[in-house]
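The values are calculated or read from the model by the stated rules, or taken from the named source; none is laboratory data. Note that this is a predicted model, so its numbers are computed, not measured. Virtual Cβ from ideal backbone geometry, glycine too; neighbours counted across all protein chains shown.
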Amino acid sequence: MNTLYKFSDLLIKYAAYLAGILIFATTLMTFYEVLSRSFFGMPTAWATELSTYAIIGSCFLGTAYAVRTYAHITVDLLVNRVNNVTRKVFAYICNALGLLFSVILTGYGFSHISLTFELGTTSTSLLRIPMYLPELFIPIGGVLLIIAFILQLVDGDVHKGGDSL
Amino acid sequence: MNLFFAGGLATFLLIGLPVAFSLGLLAVLGMYLFNGGSVAFDQVPIIAYSALDDFTLTALPMYVLMSQILVVSGVGRDLYEMASKWFRHFPGGLAIATVFCCTIFSAISGSSVATAVTVGVVALPEMVQRGYKRRYVLGLLAAGGTLGILIPPSVPMIIYGSLTGESVGQLFIAGVVPGIILTLSFMIFASIQMRHIKEKPATWNERWEASKKAIWGLLLPVAIIGGIYSGIFTPTEAAAVGVVLSFLIAILVYRNLTFMNLKKIILTTVNTSAMILFIIIGAKLLGFILTMLQIPQQITEAATGTDVSPWVILIVINLVLLGLGMFLETVSILVITVPMLYPIITALGFDPIWFAIIMVINMELALITPPVGLNLFVLKGLDNKNSLGEIVKGVIPYALIMVLFIILMCFFPQIATYFVGDVQ
Amino acid sequence: SNDDGATENAEASGEEYEPATIRLAYNLPPDHHISHGIEQFVQKIEEESNGQIEMQVFANGQLLSDKDMNQSLLTGGIEMGMNSSTIWSSTVPAMGIFDVPYVFEDYEEVGESLNGEFGDILRSEMEDVGVKVLMFGDYGFGQFANNQRPLESPEDFAGMKIRSVGTLPSELIQAYGASPVFMGGGEVYMGLQRETVDGATSGTTAMVQRSYDEVTDYLTVNNYAYFEFILGVNQEYWDDLPENTQTLIEETANETEEWIRHQTKLEDEETLQVLKDRGMEVYEVPADELDVWKEAAMPVWRTFEDEAGEAGEKLLDIAEEE
Ligand code: NA
Ligand code: NA
């Protein structure tokens, strides 16, 4: 159980590093596009499109880590004014609600990409990327989110970062 | 139904569910209850994906990355050290410098969020360290950031132009004077609000030394502004150029970018940008179901359908825009309301270019009004010590200035239209 | 009450329709002639059915953008959606035919083709993925605007950077020796103004709408593509509608299609004149030079053939005959 917990947490962290790498990749691709187009007169057919996918990827891969590190913004108006027990109950409810949303996003995300796959939809560009590939980030990110919220429920912690309004 | 959405959102937010998930889950529940049950869930991944499927959004994580590099390497500190030497003898001197930075950055980026992140990440720690009250600084940054869409170029003006057929060039020109006036108003207010911080003037030698040290940091905005104005890169691409340049400065000049630093930069950037992008997803999902249920349309229709004087209608329109601005993001509001409002405004005899500026200032307000205000969120994301409540409290005076400015524009429409006639 | 009144009216006109609410989404500005057509279409259906059929219209992409429209229509998120053939070609390759350069020479030819076998092929390809085509809404011919020099032959394109949308128009830009540039819709105006890109392609109606005349100097009228918008209805939803409702919608759609087609020609002419009046230097490719332009565009025909398979070949054959 403990190993599984540690493994899951590590998985989320590595996904976050991957998300960071995707942001770096976006930077390099976009910079290359600028050099290639403006100084050599040769715009690329791929930089804009792949950058967009990379940023979509970075969001879905990174969002679970943001859950684990309390980086998602919360409104702390009420939470900081109730007693510890209530606060803990609120935290459980929130993590359960977050889990519910993540399950819906993941489940319908999978059925969505299977439809895109069946239809063979591609991007409307010279690259003609099969759209199920970038869309795969949705269920992958969804699974990571599910794991993150389960870990939050296991921890049963409350958000300590905020200050009162 | 309206009560369900308003009450549901308040409940979720108050028990501490993150903003992004509050918006998303409320949208999902709305679909379930009012849009045919779980079959409507098929739309969730479609909308979630399309919320981010926009090349101009790629600039956001890159600007976050750039600002992190500037902070960690110390480029930002040197820039503020210089600003401090030049401005510190004015009351609230650094606040004036910050608004100035916002204005310059607005003029190049066309995006309010990018302006708030980039200026904020450098200005906030430096100003707080120099004794400025955190709340005041946060309010200043949230408001100063919104100038990005008023001072041309401006993406909302381009959208307004394509929805109405008005000339984008004229809209840009109409934004200049209001942009300058609003900038000056912000500066004056900030200077008065933070007047207690006034240091003795630096010597010319100190100024010179600080400027020399900040030269690399100064070259960065010069390169970015120059690059955009000469058309070498677009404002979106400028983010990538900014990251590369700040990296080079950090590695070659400051020589303090270690591997550990880099890991920290990566994780902070991922956290902040994933957080903001996920809020965009949540807002888009909620906007989708609200639009589907025609809630914003009905509100707009009810507000403009009454048979009263044009000025009353104008006031009501502004109130509706303020209300919608609390919950929806700016592009959604524009595409929903402009086609409904434009014919009404022109039929009432108002100038459509002038009205565009009124719209844009309302969109500025939308960026800083809770619960859904992107500028509030990006500032909250900058530092764990920032609470949403403090940011909101800090920004209230600036929101009032904007409202006053809208009223001023009603009495003196020439503020927007004076130079427009000379263009064509 | 209201409902009773509606029923009475329906009886008076002798036709009773099963109540239905149909959501229709599209992404065009309100002033566009296709938008006007959609307004008429909606109004007519509501009137003819005495309000029994309620049409909820979401214009300007306020509900769905071009990119997510098709997915939503296919999964029943909306009942009707209107989207460009270019976007449809990413799911139904045959729809790329409208982007194949110089397939159509004039407005009348488009109407004839779409009412015949040519249109049937496209309709059946769309039905295969689950969408019934109600209407082909003509957007108009595609042209090139730029801020560098008059483009009077395909060779003049050499080395230019042209903002492009869609696979086949990008292939054409390449075939003419220029480079397609991909940038967000909101950045094109600034891109042209600051010469980040040298040119862009679109219909003249859109060029007027987006103030291209402010940021480009030269317009080349070569009518290289005929942009088409398809009004589709989710097939499953359609099959469940009563027959008289189907008939009403189909007949109204046909009428609207004709009206839009007629209007397209007028709008193209009018907006071209507007661009001239606003000072753009216009080069209209003479009819006897079009062969050169078409010849240079042949690689795009081959690409389309490869992608659209048998249906594509048939479409090209029919187009060549005419
Ligand atoms: Na701007
Ligand atoms: Na807001």
note = Note on B:LEU184: of the conditions (1) at pLDDT 90 or above; (2) surrounded by 24 or more Cβ atoms within 10 Å (Cβ to Cβ); (3) away from ligand 1 (no atom under 15 Å from the Cβ), unmet is (2)
remark   = Residue hits (the range C:20-78; within 11 Å of chain B (Cβ to nearest Cβ) and on the phi > 0 side of the Ramachandran plot) are C:ASN60, C:GLY61, C:GLY76
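Here's the yes/no breakdown for (1) away from ligand 2 (no atom under 16 Å from the Cβ); (2) assigned to a helix (DSSP H, G or I); (3) more than 14 Å from chain A (Cβ to nearest Cβ); (4) buried (at least 18 other Cβ atoms within 10 Å of the Cβ):
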position: B:THR272; (1), (2), (3), (4): yes, yes, no, yes
position: B:MET275; (1), (2), (3), (4): yes, yes, no, yes
position: B:GLN298; (1), (2), (3), (4): yes, yes, yes, no
position: B:ILE317; (1), (2), (3), (4): yes, yes, yes, yes
position: B:LEU322; (1), (2), (3), (4): no, yes, yes, no
position: B:MET326; (1), (2), (3), (4): no, yes, no, no
position: B:VAL338; (1), (2), (3), (4): yes, yes, yes, yes
position: B:PRO343; (1), (2), (3), (4): yes, yes, yes, no
message = I'd like the full set of residues that are over 21 Å from the mean Cα position of the chain (by Cα), at the interface with chain C (Cβ under 8 Å from one of its Cβ atoms) and at pLDDT below 90, limited to the range B:230-257.
response = B:SER230, B:GLY231
inquiry  = If B:GLU199 satisfies all but one of (1) assigned to a helix (DSSP H, G or I); (2) surrounded by fewer than 20 Cβ atoms within 10 Å (Cβ to Cβ), what's the number of the condition it fails?
reply    = (1)
remark   = Selection from the range C:141-195 of residues among the polar types (S, T, N, Q) and within 7 Å of another protein chain (Cβ to nearest Cβ) yields C:THR167, C:SER170, C:SER179
key: Selection from the range A:120-143 of residues that are within 14 Å of B:LEU52 (Cβ to Cβ), of a type in the set (Gly, Ala, Ser) and within 12 Å of chain C (Cβ to nearest Cβ)   = none
query = Within the range B:211-226, is there a residue that is touching a residue at least 60 places away in the same chain (Cβ under 8 Å), more than 21 Å from B:MET82 (Cα to Cα), among the hydrophobic types (A, V, I, L, M, F, W, C) and within 16 Å of ligand 1 (Cβ to nearest atom)?
reply = no
message = Of all residues being among the hydrophobic types (A, V, I, L, M, F, W, C) and modelled with pLDDT under 90 in the range B:346-369, which is farthest from ligand 2 (Cβ to nearest atom)? Just the residue, please.
response = B:ALA347
task = Only residues in the range C:106-121 that are over 15 Å from C:GLU228 (Cα atoms) and touching a residue at least 24 places away in the same chain (Cβ under 8 Å) count as the first member; pair them with residues that are assigned to a helix (DSSP H, G or I) and not aliphatic (A, V, I, L, M), Cβ under 9 angstrom, at least 6 apart or cross-chain, and list the lot.
result = C:GLU117/C:LYS314; C:ILE121/C:LYS314
key: When residues of the range A:28-82 are limited to those that are more than 24 Å from the chain's Cα centre (by Cα), more than 8 Å from every other protein chain (Cβ to nearest Cβ) and assigned to a helix (DSSP H, G or I), the one farthest from C:ALA158 (Cα to Cα)   = A:ARG81
inquiry  = For the structure I just gave you, tell me whether B:VAL128 is touching a residue at least 40 places away in the same chain (Cβ under 8 Å) and either part of a helix (DSSP H, G or I) or within 29 Å of B:VAL244 (Cβ to Cβ) (or both).
reply    = no
note = The number of residues in the range B:146-175 that are within 11 Å of ligand 1 (Cβ to nearest atom) and assigned to a loop (DSSP other than H, G, I, E, B) is 5
All strands (runs of 3 or more DSSP E) inside the range C:157-207 with 2 or more residues being touching a residue at least 24 places away in the same chain (Cβ under 8 Å) = C:161-163, C:199-203
ask   = What is the one condition in (1) free of Cβ contacts under 8 Å to residues at least 40 places away in the same chain; (2) closer than 22 Å to C:SER49 by Cα; (3) crowded, with 21+ Cβ neighbours inside 10 Å; (4) not charged (D, E, K, R) that C:LEU231 does not satisfy?
value = (1)
note = Considering residues that are closer than 20 Å to B:ILE159 by Cα and surrounded by fewer than 24 Cβ atoms within 10 Å (Cβ to Cβ), the number found within the range C:164-182 is 2
query = Given B:VAL39, B:VAL72, B:VAL64, B:VAL44, which one is free of Cβ contacts under 8 Å to residues at least 60 places away in the same chain and in a helix (DSSP H, G or I)?
reply = B:VAL39
ask   = Does the range B:84-105 include one or more residues that are assigned to a helix (DSSP H, G or I), closer than 28 Å to B:ILE232 by Cβ and either within 16 Å of ligand 2 (Cβ to nearest atom) or charged (D, E, K, R) (or both)?
value = no
ask   = For the range B:110-136, how many residues are within 16 Å of ligand 1 (Cβ to nearest atom) and of a type in the set (A, V, I, L, M)?
value = 5
query = So which of B:ILE225, B:ILE265 is more than 16 Å from B:LEU70 (Cα to Cα), within 27 Å of the chain's Cα centre (by Cα), more than 7 Å from every other protein chain (Cβ to nearest Cβ) and not small (Gly, Ala, Ser)?
reply = B:ILE225
message = Quick check on the range B:150-166: of everything there that is hydroxyl-bearing (Ser, Thr, Tyr) and more than 7 Å from chain C (Cβ to nearest Cβ), which residue is nearest to the chain's Cα centre (by Cα)?
response = B:SER154
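Residue by residue, here is whether (1) within 16 Å of ligand 1 (Cβ to nearest atom); (2) modelled with pLDDT under 95; (3) crowded, with 24+ Cβ neighbours inside 10 Å holds:
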{"residue": "B:PRO371", "(1), (2), (3)": "no, yes, no"}
{"residue": "B:PHE377", "(1), (2), (3)": "no, yes, yes"}
{"residue": "B:ASN384", "(1), (2), (3)": "no, yes, no"}
{"residue": "B:GLU390", "(1), (2), (3)": "no, yes, no"}
{"residue": "B:ALA399", "(1), (2), (3)": "no, no, no"}
{"residue": "B:LEU404", "(1), (2), (3)": "no, no, no"}
{"residue": "B:MET409", "(1), (2), (3)": "no, yes, no"}
{"residue": "B:PHE412", "(1), (2), (3)": "no, yes, no"}
